[in-house]
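Undergrad: I have a structure here, written as C-alpha cells, and I will follow up with some questions on it.
The values are calculated or read from the model by the stated rules, or taken from the named source; none is laboratory data. Given the structure is predicted, the values throughout are model-derived calculations rather than measurements. Reconstructed Cβ throughout: ideal geometry from the backbone, glycine too, with neighbour counts over all protein chains shown. Quick note on the areas: whole protein, heavy atoms, side chains included, nothing else; ligands and nucleic acids left out. Shrake-Rupley method; radii C 1.70, N 1.55, O 1.52, S 1.80 Å.
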Amino acid sequence: MNSKLDVAIAFCGLFEAEVLTSLMLSHWGHPRATEKDLVIDLVETASEVLARARLGEKFVEGVQPTDMSFIAAIWYAEANQVHDSNDEDVSLRREWLRKVQRSLPSCFCDPDDLVNPEMH
C-alpha cells in the first residue's frame, strides 16, 4: 500500500501538479502567477522536498515528514525562495504564503490535531 507521502511524490510527475500549482498561484493572488517557469520550478522543488521528507527530513513546523502534502511542499518551495529575497514583490509573495496557510490550515498541522466529525 502506498503512503500519503508516496502518492504526493507520484503526483509531482503528473501534468495535474502543474495545473494545481498554477491554480494555487492565481487563486491566492501570487504576483508571478503567470510565470510558467515559476510553476515548473515550484513543482520540481516540491518533488525534491517530498523525496527528502520520505527520508525523514522535516520542512514545516507542526508537520511530520510522513504527513507532508503536495500543497505544503509547494508552499515550502515558495517560502524557501522568498526567505532571503530582495525582489520588489517579496511582500506580495509573503502575503500569498500567508493566504495559503490561512486557507488550507489542514496542510500545515498534525492530522491528529484535526477534529474527526465521526468521533463527535
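Undergrad: Show the residue pairs that are 6+ apart or on different chains and have beta-carbon atoms under 7 Å apart, the first residue being within the stretch 69-86 and closer than 15 Å to residue 103 by Cβ and in contact (Cβ under 8 Å) with a residue 12 or more places away in the chain, the second being open to solvent by less than 20 Å² (accessible area, probe 1.4 Å) and basic (Lys, Arg).
TA: 78/93
Undergrad: Checking residue 57 against (1) in contact (Cβ under 8 Å) with a residue 24 or more places away in the chain; (2) of a type outside the set (S, T, N, Q); (3) under 22 Å from residue 11 (Cα atoms), which single condition isn't satisfied?
TA: (1)
Undergrad: Would you confirm whether any residue within the stretch 83-98 is closer than 17 Å to residue 7 by Cα and either outside any helix (DSSP H, G or I) or at pLDDT 95 or above (or both)?
TA: No: the stretch 83-98 contains no residue that is closer than 17 Å to residue 7 by Cα and either outside any helix (DSSP H, G or I) or at pLDDT 95 or above (or both).
Undergrad: When you scan the stretch 1-77 for helices (runs of 4 or more DSSP H) that lie fully inside it, which ones turn up with 1 or more residues that are among the polar types (S, T, N, Q) and open to solvent by less than 70 Å² (accessible area, probe 1.4 Å)?
TA: 15-27, 36-54
Undergrad: All but one of (1) over 18 Å from residue 107 (Cβ atoms); (2) buried (at least 20 other Cβ atoms within 10 Å of the Cβ) hold for residue 84; which doesn't?
TA: (2)
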